[in-house]
1. Find the relative contact order for the stretch 227-292 and round it to a whole percent, using C-alpha pairs within less than 8 Å whose residues are 6+ positions apart.
2. Count charges around L168 for me, please; just the other residues with Cβ under 14 Å from its Cβ, Lys/Arg as +1, Asp/Glu as -1.
3. What is the distance in Å between the Cα centroid of the stretch 105-176 and that of the stretch 218-256?
4. Tell me the relative contact order for the stretch 176-282 as a rounded percent, counting alpha carbon contacts under 8 Å between residues six or more apart.
5. Among D292, D44, D390, whose mean-square fluctuation peaks in a Gaussian network model of the chain (Cα, cutoff 10 Å)?
6. Restricting to Cα pairs below 8 Å that are 6+ residues apart, what does the relative contact order work out to for the chain? Please round to a whole percent.
7. Given R₀ = 30 Å, what would the calculated FRET efficiency be for Y140 paired with A333, taking r from the Cβ atoms and rounding to 0.05?
8. Cβ neighbours within 10 Å, averaged per peptide: list 370-380, 334-344 in order, most packed at the top.
Amino acid sequence: MDKVSLALQLILSLSILVVLHEFGHYLPAKWFKTRVEKFYLFFDPYFSLFKKKIGDTEWGIGWIPFGGYVKIAGMIDESMDKEQMKQAPQPWEFRSKKAWQRLIIMIGGVTVNFILGILIFAMMMFYWGESYLKTQDATYGMVVDSMGMKLGLKDGDKVLSVGGVEMLKFNSGLVNNEIVINQAKEMVVERDGQKINLPIPTDFVSEITKYENRGMALYHPRIKLDIKKISEGGPAQKAGLTDGIKMLNVNGVSTEYQHEFRKILTENKGKALNFTYVSGQDTITKPITISDKGTIGIELESLTISTQKYGIFESLPKGWSMATNFLGGQLKAFGQIFTGKIKAKDSLGSVFSIATMFDTGWDWRVFWNITASLSILLAFFNLLPIPALDGGYVVFLLWEVITGKVPSDRFMEVVNYIGFIVLMGLMIFALGLDISRWF
């Protein structure tokens, strides 16, 4: 079911982005009285699941559940009608329109995607706000994971700044971003009440950006093991535990912090262990059988999470900031691929890699965050000056606007086929990377 959930989220997300992207081409085409022959969600080689002709446009749903397209009359691309192109240009055809009109039609898709990304981010801030743990509220510092250890971090540390950027939020993703994207060379941490400088190892970026380390946190907040409530009917209550107790150890192993306690439960599912705790003035030890889920039916105290709310007028600038910051980070990462600081084989992937970014439990906040990010990425990649992409057309249209010279139909046909082959090659390469990761 997890894979089905991921697949459905991916299809829904891409469908939203593709349909609105294509409407970005469709609407200006209609404004300039250009005939749009087809508008399809999903690809439809040989047959379609649904189609209906309305006016000059055939609206349909294909059977390959990724992507979609609009077919604009008189436009030179992989779906063009070669016989039609041999005839004299008609007033309703793309090739008959002025260069500036064709330019607006071509940039319509990426414009919509960029605006959509901003609006989704803004919607998220308006509806949910921004929740985070302040560094000052992480009372007991961090629990370091394996990647954090490679930075020299230790349990109990607090990251105060990275590359001179103050870390007001207790978030290892922000630390990772400063190191990988902004190439920070050192960080300042608080350790045992003292501030110390930690240099970033020179090989850390290549290590953290490996595909197998993708999404790996550097650390998590360390939380004291304070029991908030004993759950009704759980193993702990059945063993006689009541609210207000203080857990000391399990089978003699100290459990001062929650991560230590959870580790013992996870490693001993279905087993009966001796739990030692303080109740009032008494120290008591009782056997409790851990459930198959690794729980004993207790609710633990949590840290104070801050939430910043945004009104409708505040959320729009915040959405803009989130979109531009994300795009800027991706541009820097893209540049580092070309310089070799980040390896392409660790950064690229097909739709299968994209699917793993979603939450298996279908968390709408995660869904919309990924969809907004993908919308910005779709705008960016479509603007790359590669023939067959929107950016390729834009380059030639700008050349035409500036010089007044129109590239020949034959030239455009050849470069578009070359661009199409390049894109197919990149897609096959990305798919091959994913397949190699599975075996």
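Each value in this text was obtained by applying a stated rule to the coordinates, not by laboratory testing. No experiment lies behind these values; they were computed from the predicted model shown. Backbone-built Cβ (ideal geometry, glycine too); neighbour counts: all protein chains shown.
1. For the stretch 227-292, the relative contact order is 31 percent.
2. -2
3. Their Cα centres are 30 Å away from one another.
4. 19 percent
5. Taking springs between Cα atoms under 10 Å, the residue moving most is D292.
6. Averaging sequence separation for qualifying contacts and normalising by length gives 18 percent for the chain.
7. Values: r = 33 Å, r/R0 = 1.10.
FRET efficiency, Y140 to A333: 0.35.
8. Details: 370-380: 21.6, 334-344: 13.2.
Highest-to-lowest ranking by the protection proxy: 370-380, 334-344.
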